1. Relative contact order for the chain using alpha-carbon pairs under 8 Å, separation at least 6, rounded to a whole percent?
2. Can you give the local net charge around residue 24? Use residues other than it whose beta-carbon is closer than 11 angstrom to its beta-carbon, Lys and Arg +1, Asp and Glu -1.
3. From the gyration tensor of the Cα coordinates in the chain, what semi-axes in whole Å does the equivalent ellipsoid have, largest first, with each one equal to sqrt(5λ)?
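Please treat every number below as a calculation from the coordinates, not as lab data. Here the structure is a predicted model, which means the values were calculated and not measured. Counting neighbours? That spans all protein chains shown, and the Cβs are built from the backbone with ideal geometry, glycine included.
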Amino acid sequence: MITSHVTALNAKHQGLEQKLRDEMNRPVPDVVVLQSLKKQKLRIKEEIASS
């Protein structure tokens, strides 16, 4: 059973994925922004896995 917390985390994860894609599609992606987004995604993924 998926809780509303996990559902919210999944939505957040998808939002970060979209931001990551948008940043990578820029002519000159900002490496710092990419690293930050990837770290945030990883933290959320770990929290989902532990739920």
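1. 48 percent.
2. Numbers: positive: 19, 21, 26, 38; negative: 17, 22, 23, 30.
So the environment of residue 24 carries a net charge of 0.
3. Its equivalent ellipsoid spans semi-axes of 25, 11, 5 Å.
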